[in-house]
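Chemist: Structure incoming, see below.
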Amino acid sequence: MKLEALELRRLDVPLVRPFRTSFGVQTSRDVLLVRAVSDEADGWGECVALSAPIYSSEYVEGAQAVIRDHLAPRLFKAGDVTARAVGPVLAPVLGHRMAKATLEMAVLDAELCAHGMPLAQYLGGVRERVECGVSVGIAPTIDELLEEVGGYIDHGYRRIKLKIQPGWDVEPVRAVRESFGEDLLLQVDANAAYDAGTTSLLERLDDFNLLLIEQPFEEEDLQQHASLAERLRTPICLDESITSARAAAEAIRMGACRIVNIKAGRVGGYLEAARISDICAALGVSVWCGGMLETGLGRAANVALASLPNFRLPGDTSASDRYYAEDITEPFVLVDGMLPVPTAPGVGVELRVDVVEAMTTQMETLVPGLT
Ligand code: OSB
Ligand code: MG
């Protein structure tokens, strides 16, 4: 496939309600989309980087700059590209996995559209629909939290994930557990908000029969996760720390986690994400598909990833209306707590051109240079 242009488009997509985590509040999603224009077909990628470097070191403006100045020129120079070649071609640029993943997704979508193959089939998916959970932000009060969680349960979500931080942990977890019962699949996500001084709060969460505790400590501190894991019955799950298949294998070998949250953007793309799933399976570790408040485009690809055999827990793959009043694709609608795996070629969704246009804040087109 010969890459003829890369169209970079920034959208501002309002969230239906503010999303508060231990690292900040978001009220809208600043999305970077990349369209790969080739001689065979076009494809789209969505960048998961947030507007500020507060979940990870990447952020959307930086991703756009590294794509424009460093990644796109290398891809254009490579001549014929395939999705499998994107990683190796971009490897001399260190880090910037979210930016790289965006380009790989766009090329992969184009390639699969040209061959008429759906992403789930390419990745080795085995399910027609996937079980969905929902990630619930830090609420102003416990009452408001219970109301929000109750609404999601009524909608059919199969598990609830509560965002926590020191001061918003034991009491909200207790309230949700007492209100909705022992059968509710319940887990928490700290986004690295704890440290040695606040570990005792996490130990108290061990009484609530949680599915897992996600990323209590900072990204690079595998040792602290391993030592907490030894003291708790509740499994530790890593998100931020899992930046590659190698990082996953090391974390598991150290005993730092028993479950892995996979986000394709965080690990450099859907191909590395599938490799992580395989390595985890070989080590007896189940995985689930995380999310980054993607639009319908990124979510379609996440749902395809979640159809792989080792994705054994409900993912943060929620319906469009959990995030957006108006999605940029046909909305994903929850049926019996599940979302259908797209069956159309490539990522398998169409962008709604009028909605995309209306939300666009900026656009630039990159083309091959003369050298
Ligand atoms: O830590 O999983 C996370 C959203 C943005 C950044 C990080 C995280 C999240 C979520 C929401 O928890 C996942 C989703 O529903 O897309
Ligand atoms: Mg997380």
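The values are calculated or read from the model by the stated rules, or taken from the named source; none is laboratory data. Worth saying up front: this structure is predicted, and the values here are computed from it rather than measured. With ideal geometry, Cβ positions are generated from the backbone for all residues, glycine too; neighbour counts draw on all protein chains shown. Please note that ligands, DNA and RNA were not included when accessible areas were found on the heavy atoms of the full protein model with its side chains. Shrake-Rupley method; radii C 1.70, N 1.55, O 1.52, S 1.80 Å.
Chemist: Between Thr365 and Gln223, how high is the FRET efficiency from 1/(1 + (r/R0)^6) when r is the Cβ-Cβ distance and R₀ = 41 Å? Nearest 0.05.
Modeler: After rounding to 0.05, the efficiency reads 0.30.
Chemist: Further question on the same structure: Got the relative contact order for region 120-340 handy, in percent, Cα pairs under 8 Å and 6 or more residues apart?
Modeler: Once normalised by length, the contact order is 23 percent.
Chemist: Of all DSSP beta bridges located in region 120-340, what percent are antiparallel, nearest 5?
Modeler: Counting DSSP beta bridges with both partners in region 120-340, the antiparallel share is about 20 percent.
Chemist: Take every Cα pair under 8 Å in the chain that's 6+ residues apart, average their separations, divide by the length, and report that relative contact order as a whole percent.
Modeler: Computed value for the chain: 22 percent relative contact order.
Chemist: When the Kirkwood radius is taken over all Cα pairs of region 120-340, what Stokes-Einstein diffusion coefficient follows at 10 °C and 1.306 mPa s, in µm²/s?
Modeler: Once the numbers are plugged in, D ends up at 91 µm²/s.
Chemist: DSSP beta bridges in the chain, what fraction antiparallel, as a percent rounded to 5? List each step's numbers first, then the result.
Modeler: Details: 34 of 55 bridges.
Restricted to the chain, the bridges split so that about 60 percent are antiparallel.
Chemist: What FRET efficiency do you get for Ala344 and Ser179 if R0 is 35 Å and r is their Cβ-Cβ distance, rounded to the nearest 0.05? Let's see the in-between values first.
Modeler: Values: r = 40 Å, r/R0 = 1.15.
Plugging the Cβ-Cβ distance into 1/(1 + (r/R0)^6) gives 0.30.
Chemist: Between Glu203 and Val333, how many nm apart are label points set 7 Å from Cα along the C-beta direction?
Modeler: Placing both labels 7 Å along Cα→Cβ, they lie 5.0 nm apart.
Chemist: Set the Förster radius R0 to 25 Å, insert the Cβ-Cβ distance between Leu94 and Glu61 as r into 1/(1 + (r/R0)^6), and round the FRET efficiency to 0.05. Each step should come with its number before you reach the end.
Modeler: Details: r = 19 Å, r/R0 = 0.75.
Efficiency at R0 = 25 Å is approximately 0.85.
Chemist: Further, regarding this structure: Sort largest first and round to whole Å: the equivalent ellipsoid semi-axes of region 1-158, each the square root of five times a Cα gyration tensor eigenvalue.
Modeler: Over the Cα atoms of region 1-158, the semi-axes work out to 34, 21, 12 Å.
Chemist: Any idea which of Val349, Gln223, Gly269 is furthest toward the positive side of the dipole for region 220-371, if Lys and Arg beta-carbons carry +1 and Asp and Glu beta-carbons -1?
Modeler: Toward the positive end, the furthest listed residue is Gln223.
Chemist: Something else about it: For region 81-183, which GluC sites (Glu not before Pro) are both in a DSSP coil and crowded by at most 15 other Cβ atoms within 10 Å?
Modeler: Glu128, Glu182
Chemist: Springs between alpha-carbon pairs under 10 angstrom, Gaussian network model over the chain: which of Val176, Val48, Val303 fluctuates most?
Modeler: Of the options given, Val176 has the highest mean-square fluctuation.
Chemist: So what is the 222 nm mean residue ellipticity for the chain from helices alone, if each DSSP H run of at least 4 adds -39500 (n - 2.57) and you divide by all residues, rounding to the nearest 500 deg cm²/dmol? Don't skip to the end; give the middle numbers.
Modeler: Working: 15 runs with 135 residues, N = 371.
The helix-only estimate for the chain comes to -10500 deg cm²/dmol at 222 nm.
Chemist: Let me know the Kirkwood hydrodynamic radius for region 206-273, please, with Cα pairs as the basis and the value in Å to one decimal.
Modeler: Hydrodynamic radius (Kirkwood, Cα pairs) of region 206-273 is 12.0 Å.
Chemist: Please grab the % of Cα pairs in region 255-333 that end up more than 20 Å from each other.
Modeler: Working: 946 of 3081 pairs.
Roughly 31 percent, rounded to a whole number.
Chemist: Translational D (Stokes-Einstein, µm²/s) of the chain at 25 °C and 0.890 mPa s when Rh comes from the Kirkwood sum over C-alpha pairs?
Modeler: 119 µm²/s
Chemist: In addition: On average, how much accessible surface per residue is there in region 120-340, in Å², for a 1.4 Å probe, leaving out ligands, DNA and RNA?
Modeler: Normalised by residue count, the accessible surface of region 120-340 is 37 Å².
Chemist: Number of Lys-Lys pairs in the chain under 27 Å by Cα, sequence gap 8 or more or different chains?
Modeler: Count of close lysine pairs: 6.
Chemist: With no solvent and one equal point scatterer placed on each C-alpha of region 1-81, evaluate the Debye formula and give log10 I(q)/I(0) for q = 0.16 Å⁻¹, two decimals.
Modeler: Here the Debye-derived log intensity ratios amount to -0.68.
Chemist: If you don't mind, there's one more thing I want to ask. Could you work out which residue, out of Leu305, Leu238, Leu186, moves most in a Gaussian network model of the chain, that is, has the largest mean-square fluctuation with Cα springs under 10 Å?
Modeler: Leu186
Chemist: How many percent of Cα pairs in region 202-243 exceed 13 Å? Could the numbers behind the result be given before it?
Modeler: Numbers: 400 of 861 pairs.
Pairs farther apart than 13 Å: 46 percent.
Chemist: When only Cα pairs under 8 Å and 6 or more residues apart are kept, what is the percent relative contact order across region 237-356?
Modeler: 20 percent
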